[in-house]
Amino acid sequence: MFSLRILDLSNNCLTSLPEGFDYLVNLTDLNLANNHLTSLSEDFGSLHKLEYLDDSDNHLEYLSNDFASLKTIKKMYISNNKLSRFWISIVSHMPGIESLDLSDQRT
């Protein structure tokens, strides 16, 4: 699992992430779309090679400050969640971000 680069956990009705995300140090693409996630593990800070994240169509209410450590992220889709606010300071720590979708937040 240490060499895993692409992980698709979409459409699984997940309410939380499986333990051990901090071991996926080579992960570049992560699809968590269409689950029932309300928050993301603080292990996200260890995904230093992550370039693509799709976390759309969940129930996310906030993003932890650990997102600021995703310095290699290029595309992040977090549409159709329940974010009531988004700290632009998080994105300012992502120098390679090319695409960010925060549309259709429901409160």
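Any read-out appearing in this document is the output of simple, stated calculations on the displayed coordinates, not a laboratory observation. Remember, it's a predicted structure, so these values are computed and weren't measured experimentally. Cβ coordinates were reconstructed from backbone atoms using ideal geometry, including for glycine residues, and neighbour counts include every protein chain displayed.
Structure above, values below:
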read-out: Most mobile of 44, 86, 21 in a GNM of the chain (Cα contacts under 10 Å); value: 86
read-out: Estimated translational D of the chain in µm²/s (Stokes, Kirkwood radius over Cα pairs; 25 °C; 0.890 mPa s); value: 180
read-out: Ascending count of other beta-carbon atoms within 10 Å, so fewest first, for 57, 101; value: 101, 57
read-out: Burial order of peptide ranges 6-19, 70-83 (average beta-carbon count within 10 Å, highest first); value: 70-83, 6-19
read-out: Among 70, 32, 18 the positive-end extreme of the charge dipole of the chain (Cβ point charges); value: 70
read-out: The chain: calculated mean residue ellipticity at 222 nm from DSSP helix runs of at least 4, using -39500 (n - 2.57); value: -1000 deg cm²/dmol
read-out: ³J(HN,Hα), Karplus 6.51/-1.76/1.60, whole Hz, each residue of region 10-22, x for Gly, Pro; value: 5, 6, 10, 6, 5, 9, 8, 7, x, 5, x, 4, 5
